[in-house]
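The values are calculated or read from the model by the stated rules, or taken from the named source; none is laboratory data. Bear in mind that the values here come from a model prediction, so they are computed numbers and not experimental data. Cβ placement follows ideal geometry from the backbone for every residue including glycine, while neighbour counts extend to all protein chains displayed. Ligands, DNA and RNA are excluded from the accessible area calculation, which covers all protein heavy atoms including side chains. Shrake-Rupley method; radii C 1.70, N 1.55, O 1.52, S 1.80 Å.
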Amino acid sequence: MMFNNRKTITRSALALPAVLALSPAASAEPQDFIVDDEHFSMFFEIMHIGYAPVMGMFREVEGQFVYDEETMELKSGQLVFQSDSVFTNHKKRDEHVRNEDFLDSDEYPEITFTVTDFETTGENTGKVTGDLELFGQTRPVVLDVTLNKSDVYPFGHEEYTLGISASTTLKRSEWGMTYGLDGEMVGDEVKLHFGFEAIRESGMF
């Protein structure tokens, strides 16, 4: 799968369906929204021997989705992370997380979330269901999503933009990632938190 900066349908839509269903109508046909990689943050936390959570992030991600704001229909959407971009602020630990005990980045260079469904739960909140492909396995994941803001950006690109937050908790063992579970050296639960801006495509980029 090839990716262009803000031009293809890959690295993000996890929050998008629910989020998008809540944004004010601004077009009469489906529009491309591209995740702004300059305004994307994602971090995870996982317990270490029961003492304290280790926190980390993925530094390379792309995403795009196609959405009709008038009919509130999400046509497609996806988030793709480069697994070897993981960062936990410790070189040796990062190398370990990239190997076959955890992400196995050589074998599985991409972690993909593809939206499959959504439901609104409030004026600016929703739940997004998607398939998460991780460690060679694909399982459904549900994210709690909040649409923080939808408006024309006040400076810079000055394009119509959505501001989104999302979170979920998953068990890595469900994807076959079981290293360190014996003796609870490494926790099974992984908490994920996302915050990003998505720009409606105008042909500028």
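Scanning the range 13-24 for residues that are touching an Asp or Glu at 6+ places or on another chain (Cβ under 8 Å), open to solvent by 60 Å² or more (accessible area, probe 1.4 Å) and either within 22 Å of I111 (Cα to Cα) or at pLDDT below 95 (or both) turns up at least one hit. In this structure, does S150 turn out to be modelled with pLDDT under 95, among the hydroxyl-bearing types (S, T, Y) and more than 18 Å from the chain's Cα centre (by Cα)? Yes: the conditions hold for S150.
Candidates S167, S173, S202: the one that is part of a loop (DSSP other than H, G, I, E, B) and surrounded by fewer than 18 Cβ atoms within 10 Å (Cβ to Cβ) is S202. Assuming E45 fulfils every condition listed in (1) open to solvent by less than 50 Å² (accessible area, probe 1.4 Å); (2) over 21 Å from D144 (Cα atoms) apart from one, which condition is it? Going through (1) open to solvent by less than 50 Å² (accessible area, probe 1.4 Å); (2) over 21 Å from D144 (Cα atoms) one by one, E45 breaks only (2). In the range 152-160 there is at least one residue matching the filter, namely being without any contact (Cβ under 8 Å) to a residue 24 or more places away in the chain, aliphatic (A, V, I, L, M) and part of a strand (DSSP E or B).
Cβ-Cβ below 7 Å, separation at least six or inter-chain, first residue in the range 81-103 and farther than 16 Å from V54 by Cα and without any contact (Cβ under 8 Å) to a residue 40 or more places away in the chain, second β-branched (V, I, T) and open to solvent by less than 90 Å² (accessible area, probe 1.4 Å): which pairs? From residues that are farther than 16 Å from V54 by Cα and without any contact (Cβ under 8 Å) to a residue 40 or more places away in the chain, the pairs are S83/I111. Checked against the criterion of being of a type outside the set (F, W, Y), more than 20 Å from P140 (Cβ to Cβ) and outside any strand (DSSP E or B), the range 185-196 contains one or more residues that satisfy it. What's the number of the condition K127 fails, among (1) open to solvent by 70 Å² or more (accessible area, probe 1.4 Å); (2) on the phi > 0 side of the Ramachandran plot? Going through (1) open to solvent by 70 Å² or more (accessible area, probe 1.4 Å); (2) on the phi > 0 side of the Ramachandran plot one by one, K127 breaks only (2).
Residue count for the range 67-114 satisfying the condition of being charged (D, E, K, R) and at pLDDT below 95: 5.
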